[in-house]
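Before any comments, here is the structure.
Read-outs: derived from the displayed coordinates by stated rules, not from any lab. Here the structure is a predicted model, which means the values were calculated and not measured. Neighbour counts are summed over all protein chains in view; Cβ atoms, including those assigned to glycine, are modelled from backbone coordinates with ideal geometry.
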Amino acid sequence: MRATNGAARHQMIKRLMKRAKGFWGGRHKMYRVACEAVKRAEQQSFIGRRLKKRQFRSLWIKRISIAAREHGITYSRLINALQRLDIRLDRKQLSELAILQPAAFAEICAKAKAA
C-alpha cells in the first residue's frame, strides 16, 4: 500500500498558507506562488534584521556627532579620547546620554577635550 502522508502534507500546506496570510493576489491563495512568496519574505526579513543594526549604529553616531559639536569637539576626537581615557561607553549609551542627560554628556566631552 502506498503512503501519501495526506494529513501531514495538509498540515504543512496549512502552516505555509497561514504565513502567506495578507499577501497580495495569488500570493495568499495558490500554494506554489505562496511558497515562493514566503521563502522570499523570509530572506528579506533576514536581511532586514542585519540592516536594522547598521541603521541604528549610524543614527547613534549622528546623534553623538551633533551633540559633541555643540560642546566644541568632533565625533572622531571624542571617540578617540574616550578610548584613551578607558571610558567604556558604547555608541548607544553615548547617544542616550546626549539626549536624556545633556549635563552628563557635557562632562564626558569636557574630559575628552582635556585628554
Can you find, among T74, F105, I61, the residue farthest towards the positive end of the dipole of the stretch 8-114? Put +1 on the C-beta of Lys and Arg, -1 on that of Asp and Glu. I61
Considering the values [x] 23; [y] 47; [z] 56, which represents percent of Cα pairs over 22 Å apart as calculated for the structure under consideration? [z]
Which of L89, A20, A114 sits farthest toward the positive end of the charge dipole of the stretch 8-114, with +1 on the Cβ of Lys and Arg and -1 on the Cβ of Asp and Glu? A20
Could you tell me what a quarter of the Cα convex hull surface of the stretch 14-59 works out to, in nm² with one decimal place? 3.6 nm²
Return the FRET efficiency for the residue pair A104, Q44: r is the Cβ-Cβ distance, R0 is 41 Å, and the value is rounded to the nearest 0.05. 0.55
If the reach is capped at under 16 angstrom between alpha carbons, list the lysines near K52, excluding any in the same chain fewer than eight residues apart. K62, K92
At 0.36 nm per residue, and after removing the present C-alpha to C-alpha distance, how many nm does the segment from D90 to R69 gain when stretched out fully? 5.7 nm
Based on Cβ point charges of +1 for Lys and Arg and -1 for Asp and Glu, what charge dipole magnitude is obtained for the stretch 6-115 about its Cα centre, in debye rounded to the nearest 20? 900 debye
If one compares the long axis through the Cα atoms of helix 6-19 with the longest principal axis of the Cα atoms of the chain, the angle in degrees, nearest 10, works out at 40 degrees
